[in-house]
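The values are calculated or read from the model by the stated rules, or taken from the named source; none is laboratory data. Predicted model, so just to flag it, every value in this text is computed and none were measured. Glycine gets a Cβ as well: all are built from the backbone with ideal geometry, and neighbour counts include every protein chain shown. Calculation scope for accessible area: heavy atoms of the full protein, side chains included, ligands and nucleic acids excluded. Shrake-Rupley method; radii C 1.70, N 1.55, O 1.52, S 1.80 Å.
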Amino acid sequence: MSGWVVIAGLGPGDEDLVTPEVRQALSEATDVVGYIPYVRRVPARPGLTRHETDNREELDRARHALQMAEDGRRVVVVSSGDPGVFAMASAVFEAVETGPDRWRALDIRVLPGITAMLAASARIGAPMGHDFCAINLSDNLKPQALIEKRLRLAVEADFAIALYNPRSKARPEGMGRALDLLREVCEPSRVLVFARAVSTPEEHLRVVRLKDAAPEMADMRTVVLIGSSATRIIDRDGTPFVYTPRSVPE
């Protein structure tokens, strides 16, 4: 088969953070597939067809990409951040597993990108400097009870935590529930970072203690970083540094 599928991460927003191998794949593509705002980040050019779809059409989008590759097209499936972090890589492989056996012979590659968690962490210092995890607060594909279980266990294990998709117009209560749970199991001084639209002109960073955190500080363009019990703030003029030491006292 002459076609291929590349599942690519476009990074957090700044075009300088798109990797060279992703740029190369996009330059060779005949088709780009993805959620509307991500596809529009890819400049139009002769010979390239851009396929824009709604945010909840991941499996249909993946099947479309695989079918085009089978037909000999060179297809890039785009996600923001990293395609393997709450994004399209998993959807494509789910479509491969449940689709016709011939799709398993396709040339399929995943090209990593800088995910929001790492971009936000770098902007503020090193809050993920020790053990950490990421939790998606969206209940579109999993029950709310499981989200709360995972968040509670992550706090009990004293991970630093990145919260993706914390609050949307369709799910305004998710961040509030998370903060209520955190206040049950964490000290009021636990450090939180609300990092919105990192690496774009709309970037905004806010460092607060848990006792001062509010759901309205987050939206769907925000990643929320929750420190471990060891995470520290270094005060200075302007935005402080936040970091988690690499060692844990015995």
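Overview of results
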{"read-out": "Close pairs from region 44-55: first closer than 15 Å to SER27 by Cβ, partner open to solvent by 60 Å² or more (accessible area, probe 1.4 Å) and hydroxyl-bearing (Ser, Thr, Tyr), Cβ under 9 Å, at least 6 apart", "value": "ARG45/SER27"}
{"read-out": "Failed condition for LEU146, given (1) touching a Leu at 6+ places or on another chain (Cβ under 6 Å); (2) open to solvent by 30 Å² or more (accessible area, probe 1.4 Å); (3) not in a loop (DSSP other than H, G, I, E, B)", "value": "(1)"}
{"read-out": "Considering residues of region 125-143 that are within 22 Å of ARG56 (Cβ to Cβ) and of a type in the set (A, V, I, L, M) only, the residue surrounded by the fewest Cβ atoms within 10 Å (Cβ to Cβ)", "value": "LEU141"}
{"read-out": "Number of the exception - ARG183 against (1) assigned to a helix (DSSP H, G or I); (2) open to solvent by less than 60 Å² (accessible area, probe 1.4 Å); (3) modelled with pLDDT of 95 or more; (4) not aromatic (Phe, Trp, Tyr)", "value": "(2)"}
{"read-out": "Listing of strands (runs of 3 or more DSSP E) fully contained in region 1-119 that carry 3 or more residues being of a type in the set (A, V, I, L, M, F, W, C) and more than 30 Å from HIS130 (Cα to Cα)", "value": "4-9, 74-79"}
{"read-out": "Hey, ARG232 surrounded by fewer than 23 Cβ atoms within 10 Å (Cβ to Cβ), in contact with a helix residue (DSSP H, G or I) (Cβ under 8 Å, 6 or more places away or on another chain) and modelled with pLDDT of 95 or more or not", "value": "no"}
{"read-out": "Test for ARG177: is it without any contact (Cβ under 8 Å) to a residue 40 or more places away in the chain, open to solvent by 70 Å² or more (accessible area, probe 1.4 Å), touching an Asp or Glu at 6+ places or on another chain (Cβ under 9 Å) and closer than 30 Å to GLU57 by Cα", "value": "yes"}
